[in-house]
Amino acid sequence: MLKHPLFQFFVLLIASYLFYTLGIQVLSKPIPATLVSQYMAITLGVLLLYMATETERWERFKSPIYEALIGATGVHRMLRNVLFVLIPLFAGFQTYQAVKPQTTPPPPFRTVHPANPESITFRGESYDLTTLTNPLRAEPAKFDEHLEVGKKVYYERCFYCHGDTWAGDGHFAKGFVPAPAKFTGDATLAILTESYVFWRIAKGGPGLPREATPWNSAMPAWEDRLTADEIWAVTMYLYDAVEKEPRTVLSQTESGGH
Ligand code: HEC
């Protein structure tokens, strides 16, 4: 029986399936189910071709199938009845599996605005984020000057991800998961304090706590490339550009924090 082509055919088919699903998973990573079915289709084709390349092998391969289909003995009839029930059942089960509603929950949501740490070190200096405010706002006379600096920083460093209109749709945006933050609308800058924004710009994706995973943020950490004043300036520029007021520490404590 071990030498029978039909037996070898099924053994190879099952072995290939196990290799594509479990084997590859052990060697590297699981591959998508659609790819597994493509590989299986190719394997099936190759095996059938192999079986058909020699007349004698092909005859031996086919004969049990013919016999099962047209054999006249009671055993054959019984086998036929069993197969004619099992095969449609199997096909029906597969179809049901494919179309039944998914009950598995989607992967855990990413926390877009995780709580900031209480304090950070920026270029060797310690900043207490709970009390930190934007020092540039203490110089109203220089407001426009700071906005100019902020705008320059934005168009030199940020717009190709965060977009020309601050909507998170810059040229590179499509390449990133999570996508670059959208600054327009009520769900970002408007609900954040400037110290929070300062922290996010200074420390970027690498500075995010665990709950902001599982995806890796492409947001760069700007600590080594921008001075504190440049970060404050670009923060101010962003609020001005999207016409929002930063949330203040006071309003944050009133409503119970983030
Ligand atoms: C390489 C692309 C890229 C560049 C360049 C970039 N960012 Fe980001 N930024 C992101 C991504 C992606 C996110 C969303 C994920 C996250 O929160 O880290 C983000 C998030 C942010 C957030 C958080 C907003 C929120 O609602 O929590 C701020 C603030 C921010 N970026 C400001 C900036 C500033 C300012 C610059 C320029 C100095 C800049 N980014 C440059 C990709 C980029």
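Test each condition in (1) within 39 Å of the chain's Cα centre (by Cα); (2) surrounded by 12 or more Cβ atoms within 10 Å (Cβ to Cβ) for PRO5 and report the one that comes out false.
It is condition (1) that PRO5 fails.
Among the polar types (S, T, N, Q) and within 16 Å of VAL242 (Cα to Cα) - does that describe any residue in the range 134-144?
No, because not a single residue in the range 134-144 is among the polar types (S, T, N, Q) and within 16 Å of VAL242 (Cα to Cα).
Would you tally the residues in the range 90-124 being of a type outside the set (Phe, Trp, Tyr) and in contact (Cβ under 8 Å) with a residue 60 or more places away in the chain?
The number of residues fulfilling the criteria is 12.
May I ask you to verify whether PHE93 is farther than 30 Å from ALA233 by Cα and within 16 Å of the ligand (Cβ to nearest atom)?
No, not satisfied.
Say we look at the range 19-36 and pick out the residues that are in a helix (DSSP H, G or I) and among the aliphatic types (A, V, I, L, M); which of these is nearest to ALA98 (Cα to Cα)?
ALA33
Grab the helices (runs of 4 or more DSSP H) fully contained in the range 132-231, keeping just those with 3 or more residues being surrounded by fewer than 20 Cβ atoms within 10 Å (Cβ to Cβ), at pLDDT 95 or above and more than 8 Å from the ligand (Cβ to nearest atom).
143-153
The values are calculated or read from the model by the stated rules, or taken from the named source; none is laboratory data. As the structure is a computational prediction, the values presented were derived from the model and not from experiment. Note that each Cβ is placed from the backbone with ideal geometry, even for glycine, and that neighbours are counted across all protein chains shown.
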